[in-house]
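Read the structure below first, then the notes.
The values are calculated or read from the model by the stated rules, or taken from the named source; none is laboratory data. Everything quoted here is computed from the prediction, not taken from an experiment. Neighbour counts are summed over all protein chains in view; Cβ atoms, including those assigned to glycine, are modelled from backbone coordinates with ideal geometry. Surface accessibility is based on the protein's heavy atoms, side chains included, excluding ligands, DNA and RNA. Shrake-Rupley method; radii C 1.70, N 1.55, O 1.52, S 1.80 Å.
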Amino acid sequence: MSSVGANSLHPSHTPTTALLEIRGVSKCFGRRDVLKGVSLSIASGEFLTLLGESGSGKTTLLRLIAGFEQPSAGEIWMGGERLDTLPPYKRRVNTVFQHYALFPHLSVRDNVAYGLRVKNTPAAEIGDRVDQSLRMVKMEEFAASRPSKLSGGQQQRVALARALVNRPQLLLLDEPLSALDANLRKQMQGELKSLQRELGITFLFVTHDQEEAMALSDRIALLRDGALEQVATAREIYAHPATAYTAQFIGQTNLLQGEIRGSIATCGVLRWPLDAPDGLAIFSLRPEAIRLCAGGGRQATEVKFRASIRQQLYGGSSELLEVDCGAGQFLRVRIPVHGPLSGEHDFVFSIADAVRVQE
Amino acid sequence: MTATSPTRRAPLLTLYAACVFAFVYLPIIVLILYSFNRDGVGGFPPRHFTFDWYRQLFADGPIWDSVLNSLFVAAGSVVLSLTLGLLAALALDRADFPGKALFRRLVLLPLILPGIITGLSLLMFAVFAHVQLSLFTVFLGHGTALISVATTELFAGLQKMDRAQEEASLDLGATPWQTFWRVTLPNLKLSMIAAGLLIFTLSMDEIAVTFFLIGRDNTLPLEIWGRLRRGITPEINAVSTLIFAVSVALIIIWYRVRTRGLGAEAQELIETP
Amino acid sequence: MFSRAYKTLVSLPPLLWVGLFLLLPYALMFAHSFWAVKDGLLVHQWNLDNYHTLFAKPVYIEVLLRTMRIAASVTFCSLLLGYPLAYYLSFHSGGRKELLYQLVVVPLWVSYLVRGYAWKTILGSEGVLNSFLQYLHLTHEPVSFLLYSPFAVVLMLTHIYTPFVFLPIYAALEHIPRPLVEASQDLGASSTQTFLRVILPLSLPGLIAGATFAFVLSLGDFLAPLLVGGASGTMIANVVQSLFGAAYDWPLGAAISVCILFVVISLLFLTERLEKRWSFK
């Protein structure tokens with residue numbers, strides 16, 4: 001994951017070799033603004049995920065790039081060429097559709113060959129490329145089958161082969177794994193990731209599943225109500241969410257509402273020194289950043305507090321606690337498997353883990 | 001996502017579609033226009049607007065007798081074919097019996113078969129059974145042939161219905177009889193209305209089967225048919241215009257009913273969290 | 001979940017009714033076709049003479065062939081009008097789709113007879129079209145070949161069956177998932193390619209259903225020829241009708257009916273198989 005590492009050193013760094021550039025794109029359907037001035041550039045060879053709730057505009061953005069919708073304002077450029085004025089069939093972009101959209105009247109082989117046939121590719125070349133593509137997704141033996149005879153995972157592979165056989169510069173994937181069951185989804189995630197790295201094709205992946213986004217992406221672009229909330233690597237966005245929304249959407253977190261006065265941050269019963277101007281503040285504190293304190297003192301960079309256990313949820317590899325710090329302040333704490341807990345305990349977290357976020 | 005593909009302009013196709021619409025509507029418009037033409041059918045352009053033909057029509061006793069006859073036959077056919085069609089749809093949906101496949105085809109046959117075949121078969125049957133031809137035989141013919149319409153419509157309604165509703169009703173202690181009246185039938189209300197309206201219209205308009213089963217009293221289409229044989233008069237334009245108006249009114253009623261039904265369904269969807 | 005009594009109760013009445021009032025009459029027609037008429041009276045004497053007459057006299061075959069030609073023309077013309085209309089409505093009508101759909105459906109509810117009559121008033125030698133042409137000074141004499149010809153029959157039946165043909169085609173087009181069309185464009189197919197390679201094949205079942213409907217119903221029509229067909233537009237069902245009427249030869253009429261029935265049922269059987277083969281759900 002070398003590229004991810006490199007990026008995480010420069011979180012706000014824009015890739016120099018941008019393949020796709022989205023410049024101030026807006027889209028409204030009637031009176032509804034679905035996208036509000038989105039600007040984003042995607043580097044060649046990157047795996048970028050558009051993450052957002054349903055209705056956040058992520059699929060619309062994808063459809064604008066594919067050419068199924070026209071932007072109301074703004075431009076889309078790819079490799080120095082204006083993209084948004086071209087009809088879909090003239091764009092070097094291919095899409096893996098949410099429900100695969102395999103042609104039911106064509107065999108697997110003819111589905112994969114479709115893009116080459118309509119572009120009048122020589123028959124011999126079609127045969128070779130289709131075979132190669134089917135091999136790539138391990139579907140050679142199903143070449144003669146009808147799509148309706150395949151399982152969801154197999155259809156997924158065919159959809160992938162059908163898109164990739166055209167050697168697009170950019171592959172758009174619209175929640176391609178959402179229709180698969182959990183185990184298969186995990187497996188396909190791995191295959192997608194390694195396929196992308198092998199082929200070096202730029203992937204623009206749409207999902208509402210933040211875990212999936214983190215597992216796959218070089219960078220994540222989080223959309224909220226048609227605007228970009230944050231664009232960063234998975235590690236960056238998890239460790240340093242810019243906003244309360246991001247912090248809550250990606251992973252679990254405790255949002256602490258409080259204020260800073262005289263270089264002291266106060267959130268309910270929790271207080272710690274913080275060198276910042278006076279004012280209201282919100283902090284995101286991940287449940288796993290809080291530890292059970294076995295005893296002894298605390299370091300200067302840590303905050304220690306006493307809380308009573310309200311609820312304990314066993315999760316196999318870890319346990320999730322809900323603790324009452326008093327004065328109506330509750331926190332979620334994730335600790336390694338410990339065994340049943342009750343009564344009051346001491347907890348501790350590092351000041352650096354309380355990340356200040358925007359409203 | 002709810003977004004649909006943008007509609008791309010296709011001027012040639014639009015023009016073609018407009019021509020097809022013109023082809024479909026032109027005869028109907030001409031017909032209506034000339035029902036108000038004093039100089040009768042034909043002659044261009046129509047001039048001298050008049051209501052005379054309508055006046056003549058309203059004073060025409062035999063026409064109104066035939067309208068009454070048609071209404072009786074149509075109302076009877078609706079009751080007969082809806083009842084038997086409902087049972088047939090239920091049987092096809094949930095019972096298994098020998099010859100079910102044959103039964104399904106047989107019930108639907110009058111829908112796709114040319115009317116003359118069904119009409120003649122029933123005529124032979126009437127003669128065979130020594131039944132005098134009359135409005136009653138016409139009613140039997142319509143009612144039997146139109147079971148196909150009721151069955152198709154109600155079977156589709158049953159297929160769309162959530163079977164779990166009936167299971168829930170039985171689970172809550174309702175007898176099958178109660179379940180039928182309180183759950184199954186209310187669920188089919190829209191299909192029943194749709195089928196009823198369709199059967200009514202088709203029966204009012206039926207001529208191929210009626211042709212062979214009619215006795216001394218004419219239905220409206222046969223009365224018109226008889227007059228057509230004698231020659232064209234704008235009175236027929238007038239009665240056709242009225243039939244057209246009634247058909248359109250029926251369609252509007254049907255859409256009101258349907259959209260109200262859909263409105264209620266949408267309401268439920270909104271109210272369910 | 002339904003008891004035996006329930007199933008019996010719902011199955012028995014329609015079974016008995018359909019058996020008595022459909023199966024038995026159809027069977028009677030079949031039986032009649034093997035009987036004979038002697039001295040103006042029907043005799044229940046089993047024989048194949050009717051079928052023999054049917055195939056021996058060229059006039060019947062001739063009329064049957066003409067009927068099939070007319071029915072095929074009606075089918076072709078209805079498709080020619082109905083398919084593009086359905087395609088336009090389904091893919092290019094935008095927000096007016098619902099309204100336009102209603103506009104196509106309305107004529108379905110308008111009486112067959114009324115529509116046939118309308119054509120009669122339009123095509124006649126003193127009809128609307130002729131007086132219109134004379135009004136424009138395009139012709140001085142009435143054009144007489146319009147009415148009372150096979151052309152008029154085809155025109156009238158096309159007018160009646162175009163909305164019928166439209167319906168199943170429109171339904172099939174509406175059932176094509178739109179992502180398939182987008183996928184085709186996404187893979188580089190132009191609009192024409194997308195139509196020929198995706199939309200047309202997927203709408204074939206609807207096309208076949210519509211075509212079957214138009215063909216079968218035109219095949220057995222006897223009213224259009226009587227209204228607008230004249231002697232040259234006589235169809236097979238007119239022959240049947242006259243055999244049951246003035247000519248009084250029910251067995252021969254029944255034999256022709258059985259032939260029509262045979263053609264219709266084999267056609268239905270064939271198209272049902274085709275529809276199944278070409279539906280991919």
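Just a yes or no: is a residue in region C:239-261 without any contact (Cβ under 8 Å) to a residue 12 or more places away in the chain, of a type in the set (Gly, Ala, Ser) and part of a helix (DSSP H, G or I)? Checked region C:239-261: at least one residue is without any contact (Cβ under 8 Å) to a residue 12 or more places away in the chain, of a type in the set (Gly, Ala, Ser) and part of a helix (DSSP H, G or I).
Residues in region A:212-233 include at least one that is in a helix (DSSP H, G or I) and open to solvent by 40 Å² or more (accessible area, probe 1.4 Å). In region B:31-51 there is no residue matching the filter, namely being within 30 Å of C:Glu272 (Cα to Cα), over 23 Å from the mean Cα position of the chain (by Cα), outside any helix (DSSP H, G or I) and within 13 Å of another protein chain (Cβ to nearest Cβ). With respect to the numbered conditions (1) farther than 27 Å from A:Arg224 by Cβ; (2) buried (at least 23 other Cβ atoms within 10 Å of the Cβ), which one is the sole condition not fulfilled by A:Leu204? Status for A:Leu204: all satisfied but (1).
How do the pairs read when you match residues in region B:1-20 that are under 14 Å from C:Leu100 (Cβ atoms) and facing another protein chain (nearest Cβ under 7 Å) with residues anywhere that are in a loop (DSSP other than H, G, I, E, B) and at pLDDT below 95, using Cβ under 6 Å and keeping only pairs 6 or more apart or on different chains? Within 6 Å, no pair qualifies. Would you pick out the residues in region C:189-200 that are open to solvent by less than 10 Å² (accessible area, probe 1.4 Å) and in a loop (DSSP other than H, G, I, E, B)? Listed by number, the list holds a single entry, C:Ala189.
In region B:243-259, the residue that is nearest to the other protein chains (Cβ to nearest Cβ) out of those that are surrounded by fewer than 18 Cβ atoms within 10 Å (Cβ to Cβ) and either on the phi > 0 side of the Ramachandran plot or in contact (Cβ under 8 Å) with a residue 60 or more places away in the chain (or both) is B:Arg258. The single condition among (1) more than 30 Å from B:Phe211 (Cβ to Cβ); (2) within 22 Å of the chain's Cα centre (by Cα); (3) hydroxyl-bearing (Ser, Thr, Tyr); (4) open to solvent by 10 Å² or more (accessible area, probe 1.4 Å) that C:Ser203 does not satisfy is (4).
Which residue is nearest to A:Leu50 (Cα to Cα), if the candidates are limited to region A:62-98 and must be within 14 Å of chain C (Cβ to nearest Cβ) and loosely packed, with under 15 Cβ neighbours inside 10 Å?
The extreme case among them is A:Gln70.
Do we find a residue being free of Cβ contacts under 8 Å to residues at least 60 places away in the same chain, within 9 Å of chain C (Cβ to nearest Cβ) and open to solvent by 20 Å² or more (accessible area, probe 1.4 Å) anywhere in region B:116-125? Yes: region B:116-125 contains one or more residues that are free of Cβ contacts under 8 Å to residues at least 60 places away in the same chain, within 9 Å of chain C (Cβ to nearest Cβ) and open to solvent by 20 Å² or more (accessible area, probe 1.4 Å).
From the list B:Leu86, B:Leu80, which residue is closer than 30 Å to B:Leu242 by Cβ, assigned to a helix (DSSP H, G or I), within 12 Å of chain C (Cβ to nearest Cβ) and not small (Gly, Ala, Ser)?
B:Leu80
Taken as a whole, region B:6-15 holds no residue that is β-branched (Val, Ile, Thr), in a helix (DSSP H, G or I), over 21 Å from the mean Cα position of the chain (by Cα) and buried (at least 20 other Cβ atoms within 10 Å of the Cβ). For region C:1-14, does any single residue satisfy the condition of being closer than 28 Å to C:Phe213 by Cβ and buried (at least 18 other Cβ atoms within 10 Å of the Cβ)? Checking region C:1-14: at least one residue is closer than 28 Å to C:Phe213 by Cβ and buried (at least 18 other Cβ atoms within 10 Å of the Cβ).
Within 24 Å of C:Ile176 (Cβ to Cβ), within 28 Å of the chain's Cα centre (by Cα) and not in a loop (DSSP other than H, G, I, E, B), is that true of A:Tyr89? So A:Tyr89 passes the test. Just one of the numbered conditions (1) over 23 Å from A:Ala239 (Cβ atoms); (2) free of Cβ contacts under 8 Å to residues at least 24 places away in the same chain is not true of A:Ser317: (1).
Table: residues versus (1) in contact (Cβ under 8 Å) with a residue 12 or more places away in the chain; (2) in the same structural domain as A:Val34 (by TED's automatic domain parsing); (3) in a loop (DSSP other than H, G, I, E, B); (4) more than 30 Å from A:Phe205 (Cα to Cα).
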| position | (1), (2), (3), (4) |
| --- | --- |
| A:Arg235 | yes, yes, no, no |
| A:Tyr238 | yes, yes, no, no |
| A:Ile282 | yes, no, no, yes |
| A:Ala300 | no, no, yes, yes |
| A:Lys304 | yes, no, no, yes |
| A:Ala327 | yes, no, yes, yes |
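With respect to the conditions (1) part of a helix (DSSP H, G or I); (2) touching a helix residue (DSSP H, G or I) at 6+ places or on another chain (Cβ under 7 Å); (3) under 30 Å from C:Leu261 (Cβ atoms), B:Val131 lacks only one, and its number is (1). Just a yes or no: is a residue in region A:5-21 more than 27 Å from A:Ala232 (Cβ to Cβ), at pLDDT 90 or above and assigned by TED's automatic domain parsing to the domain that holds A:Ser151? No: zero hits.
Residue by residue, here is whether (1) basic (Lys, Arg); (2) open to solvent by less than 30 Å² (accessible area, probe 1.4 Å); (3) at pLDDT 90 or above; (4) under 23 Å from B:Gly231 (Cα atoms) holds:
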| position | (1), (2), (3), (4) |
| --- | --- |
| C:Ile208 | no, yes, yes, no |
| C:Ala211 | no, yes, yes, no |
| C:Phe222 | no, yes, yes, yes |
| C:Leu227 | no, yes, no, yes |
| C:Gly230 | no, yes, no, yes |
| C:Gly245 | no, no, no, yes |
| C:Leu252 | no, yes, yes, no |
| C:Ile260 | no, yes, yes, no |
| C:Ser266 | no, no, yes, no |
